[in-house]
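> Quick one: the structure is below, questions incoming.
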Amino acid sequence: MAAAEVLEVEQLVGDAELIQRVVDGDEAAFETLYERYFPRVFGYVRKRLSNRADTEETVQEVFINVFGAIASFRGDAPFSAWVLGVARRTVASRFKKKRHVTVSFEGSEEPETIDIGVPTLYRAPTPHEMYECGERLTRLQERAGRLTQEQRRLFELHHLEHQSIHDIALILDKSEDAVKSNLYRARKLLLAR
């Protein structure tokens, strides 16, 4: 059979039959499923991760997870939905793995020396952190447009120029309570969920 004929036959074979063949140990059937769902999975993962290397690595991890769990597919939903569910969980677990360990300072002692040769103050943000930062910035920009001119000025004076409430009240000829109230409303608008 020619390669084109094999491809036509494979396209006619349904997911259910291919899944059963994979469970029975047919590697070629898994390759067919891989080729069939790779574009969708790659597109899904690429939208959630910022760099190609992470995307490619995660897609491979998704298909390893699909292969390892394919016997558990019950057929309650379309196989494509199940595969994308595996992709979603794989991406989510990838973000969980990159969470930073927190250490309590209670009861711990400061190190006697600090190794200047080890860069500890800077690290590159993770793809998840970059995505979250971009999302937050977009939301803040949208909400900042809804601030009144006075709220914007109060916010700038207090949070960007580090003026005290008392000094702002003097500058704007307002009571401290009015300044606090308007600052509260501005923050509430900017940080609304």
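> Just to check I understand the Karplus step: with θ = phi - 60° and J = 6.51 cos²θ - 1.76 cosθ + 1.60, what whole-Hz values come out for region 59-67, glycine and proline as x?
In residue order, the calculated couplings are 4, 4, 4, 4, 6, 5, 5, 4, 4 Hz.
> Report ³J(HN,Hα) in whole Hz for each residue of region 19-36, in order, from the Karplus equation J = 6.51 cos²θ - 1.76 cosθ + 1.60 where θ = phi - 60°; Gly and Pro get x.
Karplus-based 3J(HN,Hα) across region 19-36 equals 4, 4, 5, 5, 4, 7, x, 7, 5, 5, 5, 5, 4, 5, 4, 4, 5, 5 Hz.
> So how strong a dipole does region 3-97 carry about its Cα centre when Lys and Arg Cβ are +1 and Asp and Glu Cβ are -1, to the nearest 20 debye?
Roughly 940 debye, rounded to the nearest 20.
> With labels modelled as points extended 7 Å from the Cα through the Cβ direction, what inter-label distance (nm, one decimal) is found for E57 paired with R89?
2.2 nm
> Here's something else I'd like to know. Which ³J(HN,Hα) values in Hz, rounded to whole numbers, follow from the phi angles of region 139-150 under the Karplus curve 6.51 cos²θ - 1.76 cosθ + 1.60, where θ = phi - 60° and Gly and Pro get x?
Karplus-based 3J(HN,Hα) across region 139-150 equals 4, 4, 5, 5, 6, 4, x, 8, 6, 6, 4, 5 Hz.
> Amide H neighbours of Q163 under 5 Å, at least 5 residues apart or on other chains, H built in the peptide plane: list them.
Distant-sequence amide H within range of Q163: H158.
Bear in mind these aren't lab numbers, they're just calculated from the coordinates by the rules spelled out. The structure displayed is predicted, hence computed values, not measured ones. As a convention, Cβ positions derive from the backbone with ideal geometry for all residues, glycine included, and neighbour counts pool all protein chains shown.
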